[in-house]
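Participant: Please read through the structure below; I'll follow up with questions.
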């Protein structure tokens, strides 16, 4: 069984936890009672997705700001890591450059689960630019739902909401049914003249991020079309959460990410839908962040304990 949060081991070495999110990375260095934190700029994207060489360079620069320390244990929580097994060499070189004797890269859904639930069984739904649910008992059952990317999945996430808001704006430009003059005004303010939109969206290095940048505008609007998009997003998020939670069968459901921030209208809609579909299901706010989860994983490694998640969710950087 997994180690309870209250009895997690104390650190014996210098531990570095990194959370590489969609818009940047956060780093936390812990040694005894000493804690240092810093952030990086946005991650690099190339034609093949995440540019791990650019990411490693940005992380090295961030480490230099906190003294370029040597560390004993390194954990990197990385979005899209499951699609990157052949491109980890720059991160491997970074681990060696800082002298890590233990170093792993973990899927961000694993670190999000640890951060949100500590070391408890349950379902965590991470909602940002994309959407992925990860349900686990931290023993031998690990269930994923969605996380298919903005073209065929990530339903209810930032890119999904932004794309539908922009589609309504484009309909308003054309005079087609289903358009929204209010969303058109918001899109004009953010993206400029409509003839420039295709180039902005289709040639961007990170098109999902560009689409997601419009999600906050859509969610803040009281326009009926925007509210309809929000209601559809809530339905999709409830679908994903219930699919994963039902298959696991134990533990609470936790949502993380700014799109479903506690107290937001979308969070309230999703909570009501889940309560109707799964009577008695426990809805919780997250105990911590994915960076906290990366640190929990680092603590386990520092103490010589096995990680709670198997390959492919975690890979050793030093092999």
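Participant: Taking the mean number of other Cβ atoms within 10 Å as a proxy for protection, how do you rank 198-205, 121-128, 27-34, 136-143 from highest to lowest?
Facilitator: Top to bottom by mean Cβ count within 10 Å: 121-128, 136-143, 27-34, 198-205.
Participant: Right, next: For residue 35 and residue 173 in the same chain, what is the full-extension length gain: residue separation times 0.36 nm, less their Cα-Cα distance, in nm?
Facilitator: Between residue 35 and residue 173, full extension yields 44.5 nm more.
Participant: Where does each of 66, 296 land when they are ranked from fewest to most other beta-carbon atoms within 10 angstrom?
Facilitator: 66, 296
Participant: So, one more: For the chain, with a Gaussian network of springs between Cα atoms less than 10 Å apart, report the residue from 270, 173, 225 with the top mean-square fluctuation.
Facilitator: In the Gaussian network model the winner is 173.
Participant: Sticking with this one: If you restrict to DSSP beta bridges whose two residues both lie in the chain, what percentage is antiparallel, to the nearest 5?
Facilitator: Approximately 60 percent, going by the DSSP bridge assignments.
Participant: Still on this structure, I have one more. Which of rounded, prolate or oblate describes the chain when judged by the alpha-carbon gyration tensor and an a/c cut-off of 1.5?
Facilitator: Oblate shape, in that a/c is at least 1.5 and b/c is the bigger or equal ratio.
Participant: Continuing with this model, one more query. So, in Å, what gap is there between the alpha-carbon centers of the stretch 101-116 and the stretch 202-234?
Facilitator: 28 Å
Participant: Let me ask something additional. Take the alpha carbon atoms of the stretch 122-284, find their radius of gyration, then divide it by 2.2 N^0.38 Å using N residues; give the quotient.
Facilitator: 1.09
Participant: Under the definition of Cα pairs under 8 Å and six or more residues apart, what whole-number percent is the relative contact order of the chain?
Facilitator: 24 percent
Each value in this text was obtained by applying a stated rule to the coordinates, not by laboratory testing. Only a predicted model underlies this, so the values are computations on that prediction, with no experimental measurement involved. Counting neighbours? That spans all protein chains shown, and the Cβs are built from the backbone with ideal geometry, glycine included.
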